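Participant: Handing you this structure, nothing more for now.
Derivation of every value follows stated rules applied to the coordinates shown; laboratory data play no part. No experiment lies behind these values; they were computed from the predicted model shown. In this analysis, Cβ positions are derived from the backbone assuming ideal geometry, glycine residues included, and neighbour counts consider all displayed protein chains.
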Amino acid sequence: MGENKQLKDCEEIRYTWRIRNFSSLNVSDIYSGVFEVSGCRWCLQAYPKGNDVDHLSVYLQVADKDSLPDGWSRTANFTLHLINQMNSTMSMSTKQGAQCKFEKEKSRWGYPSLFPLSKLHDKNGGYLVDGTCVIEAEVSVTDVFPVSTDESVNKLRDAESIYTKAESLLKSISKEPTSSVSDGTITVPSFKDPAVAKERFNKLISFPLNDLVDSEHETAMIETLSILGDNLSSFSDDQAKQIKQLKDDFPITKQKWRDSVRVKVNCERSLSIFEKTKNLLEVSVKNENGIKTELEELKSREKELKEELKKLQDDSRRLVMERLELSKQTQQIYALAEEQAGKIKGNEEEMSAVNKNLKDLKSNWESMKSLFV
């Protein structure tokens, strides 16, 4: 059982997990309910008997870690509290706002040795009251990559499921054309003579049934069967029997045919509507497939850019280190140059005096030399 409460506008959540019948739990680990912070689903994991230690172990982890995309990461600050239900001032808390980077490969962080089991199960300790242990977690997300929220990832996952179903449906639909009912007519004049009736019967009986239910042909067949039914002597016994049977069955047969045709027309109308819907679905799937392909290309490009960004960041860090080293060298040279600059100022005056001396000596020498040369 758990409840969450937003603490600040920056989406920091305090989640309270009440674990009932804690003392009687006979499992290695249990999970809290799922709570959401900054579009990401989280849960707490606890080891009532310790995770290979004699302490209560509690971790914060991503709830849907198995479905995380490559490159997924969240940087989160979290603090865990083991609540003392008798004296709140005795509640135990971890370091405030411990920051951890959650990734697909490393989707949980926590404390294997959160609290000694011996103190936890102390009847007078206040950490277990009526068999209930209360753990609270304060969680905030400070950095998100990729920028898209988990909500959009879930929506894309749903979209992919719909797309797959639509594609499967299109593959399962038969594309064979549906046959249509013939509407051809043949004019058959009325007649009364048995010989003519027999001749017309031979023509009518060769027609497809869908032509015979045409009103004109139907009337001709009924009249023909009526005349032949009264003049069966020109037929064999088997033929006479069939004509008599046909005379009785034809009205029923034609009605069944009409009923079937009506059902078929309705079905064809439905099939026509379905065909239009199918065409729309094909266009929709095609368009979505194009977007899906473009999205995959963008993801591939995003991965390349991430690798390029990592290389640039590595180069940037390397250049920063090189500059810092060079800065130390520059500082040393600067100090030396500054020291020498002070000395040069005094040397300039000395140099000026020396130059004047040399000039005077040279002038005196030239004057003396002129007396002998």
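Participant: Among Glu294, Glu223, rank each residue by its count of other Cβ atoms within 10 Å, from fewest to most, as a rough exposure measure.
Facilitator: So the ranking, lowest neighbour count to highest, is Glu294, Glu223.
Participant: If the cut-off is 23 Å between C-alpha atoms, which lysines fall inside it for Lys264, apart from same-chain ones fewer than 8 positions away?
Facilitator: Lys175, Lys254, Lys256, Lys276, Lys278
Participant: Taking 0.36 nm per residue of sequence separation and subtracting the Cα-Cα distance, how much length would be gained by fully extending the chain between Ser234 and Asp143, in nm to one decimal?
Facilitator: Fully extending the segment from Ser234 to Asp143 adds 22.7 nm.
Participant: On to the next question. Based only on other Cβ atoms within 10 Å, what is the fewest-to-most ordering of Arg262, Arg41?
Facilitator: In increasing order of surrounding Cβ atoms, one gets Arg262, Arg41.
Participant: Suppose we look only past 18 Å in the calculated P(r) of the range 2-147. What percent of the Cα-Cα pairs does that tail hold?
Facilitator: Cα-Cα pairs of the range 2-147 separated by over 18 Å account for 55 percent.
Participant: Suppose R0 equals 22 Å; then what is the FRET efficiency for Glu105 and Val53 from their Cβ-Cβ distance, rounded to the nearest 0.05?
Facilitator: Step by step, r from the Cβ atoms, then E = 0.40.
Participant: For Leu56, what is the net charge nearby, where nearby means another residue's Cβ is under 12 Å from its Cβ and Lys, Arg count +1, Asp, Glu -1?
Facilitator: Result for the local shell: 0.
Participant: Using just the alpha carbons, could you tell me how many Å³ per residue the convex hull of the range 194-277 encloses?
Facilitator: Dividing the Cα hull volume of the range 194-277 by its residue count gives 92 Å³.
Participant: Moving to a separate point now. With a sphere of radius 15 Å drawn around the Cβ of Lys244, what net charge do the other residues whose Cβ falls strictly inside it have (Lys, Arg +1; Asp, Glu -1)?
Facilitator: Here the charged neighbours net out to -2.
Participant: Moving on. Number of Lys pairs in the range 2-147 with C-alpha atoms less than 18 angstrom apart, excluding same-chain neighbours closer than eight positions?
Facilitator: Counting lysine pairs in the range 2-147 gives 5.
Participant: If you don't mind, another one. Using a Cα-Cα cut-off of under 25 Å, which lysines could be cross-linked to Lys345, ignoring same-chain neighbours fewer than 8 residues away?
Facilitator: Lys356, Lys359
Participant: Once R0 is set to 41 Å, what does the formula 1/(1 + (r/R0)^6) return for the Cβ-Cβ distance between Ser370 and Lys345, expressed as a FRET efficiency to the nearest 0.05?
Facilitator: Here the calculated transfer efficiency is 0.55.
Participant: Using 7 Å Cα-to-Cβ label points, what is the Asn87/Glu199 separation (nm, one decimal)?
Facilitator: 12.4 nm
Participant: How charged is the neighbourhood of Lys106? Take every other residue with its Cβ under 13 Å from the Cβ of Lys106, and add Lys/Arg as +1 and Asp/Glu as -1.
Facilitator: It works out to a net charge of +3.
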